[in-house]
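What follows is calculated from the coordinates using simple rules that are stated; it is not laboratory data. For clarity, every value in this text was computed on a predicted model and none was experimentally measured. No Cβ is skipped: glycine too gets one built from the backbone with ideal geometry, and neighbour counts run over all protein chains shown.
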Protein chains: 2
Amino acid sequence: MELTPEEIRLFVERPFAFVERTGIRAIELHPRHIKLGMPLKGNENHIGIMYAGALFTLAEVPGGALYLTTFDTSRYYPIVKEMNIRFRRPAATDITVELSISENRVKAIQKEAAENGKAEYTLETELKDTEGTVVALGKGVYQLRPMAEINEPAR
Amino acid sequence: MELTPEEIRLFVERPFAFVERTGIRAIELHPRHIKLGMPLKGNENHIGIMYAGALFTLAEVPGGALYLTTFDTSRYYPIVKEMNIRFRRPAATDITVELSISENRVKAIQKEAAENGKAEYTLETELKDTEGTVVALGKGVYQLRPMAEINEPAR
């Protein structure tokens with residue numbers, strides 16, 4: 001089953017309440033390339049800059065978005081195993097994040113998942129303010145797994 | 001200026017909108033010991049378990065809470081430099097987190113901040129479900145800094 005671009009956009013921006021509440025928006029949702037944005041408004045901490053947990057969410061969502069636009073969603077699903085985020089500068093504006101992956105790397109990850117039952121992969125992101133300053137660096141460790149085979153007899 | 005227990009509780013549970021929206025609650029706020037809880041309800045992802053970003057927030061807030069109950073808030077303030085979170089098991093219930101620190105370690109961190117202008121310290125947390133299973137492991141790198149001296153002449 002192929003997802004339509006609109007279905008993918010809805011699943012990135014409003015997959016469930018926690019993410020929807022951040023006001024995250026899809027700027028580019030292409031195969032192998034994602035760009036997302038998060039408004040400062042509503043995500044500020046007590047000193048008026050973007051809260052660490054909001055930046056974490058902006059670093060985490062692209063991995064799922066990339067899966068939806070790029071991987072074979074009828075055969076594999078991802079889980080996030082670990083996330084690291086380094087806070088480098090105060091995030092005092094709306095923030096964007098981009099994530100890209102090569103076609104060869106996608107093929108290799110899917111091949112390994114099919115052959116070994118799982119494939120671990122790391123995605124790194126830079127979160128930037130409107131001046132282009134990198135405010136945080138994300139590093140997510142994911143695992144791609146094949147969907148369970150349906151072996152039950154038809155009923 | 002000493003904060004009252006009620007002021008500390010409000011600052012932990014409702015410091016700003018992003019954290020307040022998670023429904024996080026203070027269970028124990030003692031000097032050198034913190035216990036917080038987060039409801040699953042409102043923080044679920046698309047498969048009904050607690051979203052990674054909610055778990056991140058639950059791992060991040062205790063560092064600030066510990067600062068408020070334990071450190072000299074009139075002389076020092078903390079910043080979070082880096083956070084790592086490992087997701088070990090699905091978080092399918094309300095989740096709690098505890099964080100403790102020794103008196104000697106607090107003294108050493110504050111002494112270093114006073115002498116060197118900053119002190120880095122790491123706090124590790126375990127996030128547990130209602131069965132006591134560790135669902136995620138947090139590791140935050142913080143820096144304690146002295147408040148800026150007020151050197152301007154009184155006006």
Review point. Is at least one residue of the range A:105-115 acidic (Asp, Glu) and in contact with a strand residue (DSSP E or B) (Cβ under 7 Å, 6 or more places away or on another chain)?
Key: yes
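Looking for whichever is out of contact with any Gly (no Cβ under 7 Å at 6 or more places or on another chain), assigned to a strand (DSSP E or B) and surrounded by 15 or more Cβ atoms within 10 Å (Cβ to Cβ) here; the options are A:LEU29, A:LEU66. Which one fits?
None of the others qualify; the one that does is A:LEU29.
Condition test on A:GLY53, is it under 20 Å from A:LYS139 (Cβ atoms), surrounded by 18 or more Cβ atoms within 10 Å (Cβ to Cβ), touching a residue at least 60 places away in the same chain (Cβ under 8 Å) and touching a Gly at 6+ places or on another chain (Cβ under 8 Å)?
no
Against the condition touching a Phe, Trp or Tyr at 6+ places or on another chain (Cβ under 9 Å) and within 14 Å of chain A (Cβ to nearest Cβ), how does B:ILE95 come out, does it pass?
Details: touching a Phe, Trp or Tyr at 6+ places or on another chain (Cβ under 9 Å): no; within 14 Å of chain A (Cβ to nearest Cβ): yes.
No; evaluated as a whole, the condition is false for this residue.
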Exercise for review: Out of the residues in the range B:1-23 that are assigned to a loop (DSSP other than H, G, I, E, B) and touching a Ser or Thr at 6+ places or on another chain (Cβ under 7 Å), state the one that is nearest to the other protein chains (Cβ to nearest Cβ).
Suggested key: B:THR22
Exercise for review: Among what's in the range B:32-55 and is of a type in the set (D, E, K, R) and outside any strand (DSSP E or B), pick the residue that is farthest from the other protein chains (Cβ to nearest Cβ).
Suggested key: B:ARG32
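Please specify each residue of the range A:4-24 satisfying the condition of being out of contact with any Pro (no Cβ under 9 Å at 6 or more places or on another chain), aliphatic (A, V, I, L, M) and either closer than 11 Å to A:GLY64 by Cβ or in contact (Cβ under 8 Å) with a residue 60 or more places away in the chain (or both). If you could, list the steps in order and put the result at the bottom.
Looking only at the range A:4-24, we keep the residues that are out of contact with any Pro (no Cβ under 9 Å at 6 or more places or on another chain), and these are A:4-11, A:13-21.
Now narrow it down to the ones that are aliphatic (A, V, I, L, M): A:8, A:10, A:17, A:19.
Scanning the range A:4-24 gives A:ILE8, A:VAL19.
From B:GLU103, B:GLU112, B:GLU98, grab the single residue that is of a type in the set (D, E, K, R) and within 15 Å of the chain's Cα centre (by Cα). Before the answer, list the steps.
Numbers: B:GLU103 fails: within 15 Å of the chain's Cα centre (by Cα); B:GLU112 fails: within 15 Å of the chain's Cα centre (by Cα).
One residue alone meets the criteria, B:GLU98.
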Review point. Looking at the range B:64-71, is at least one residue under 16 Å from B:THR130 (Cα atoms) and within 12 Å of chain A (Cβ to nearest Cβ)?
Key: no
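Can you list the strands (runs of 3 or more DSSP E) found entirely within the range A:69-155 that contain at least 1 residues being closer than 30 Å to B:MET83 by Cα and free of Cβ contacts under 8 Å to residues at least 12 places away in the same chain?
Numbers: elements: A:76-87, A:95-100, A:119-128, A:134-146.
Output list is empty.
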Practice item. Taking A:VAL106 as the residue in question, decide whether it is at negative phi, within 14 Å of chain B (Cβ to nearest Cβ) and of a type in the set (Val, Ile, Thr). Key: no
Point to revise | Test for A:ARG105: is it surrounded by fewer than 19 Cβ atoms within 10 Å (Cβ to Cβ), under 17 Å from A:GLU2 (Cα atoms), out of contact with any Leu (no Cβ under 6 Å at 6 or more places or on another chain) and not small (Gly, Ala, Ser) | key: no
Point to revise | Test result for A:LEU58, away from chain B (no Cβ under 12 Å) and closer than 13 Å to A:THR96 by Cα | key: no
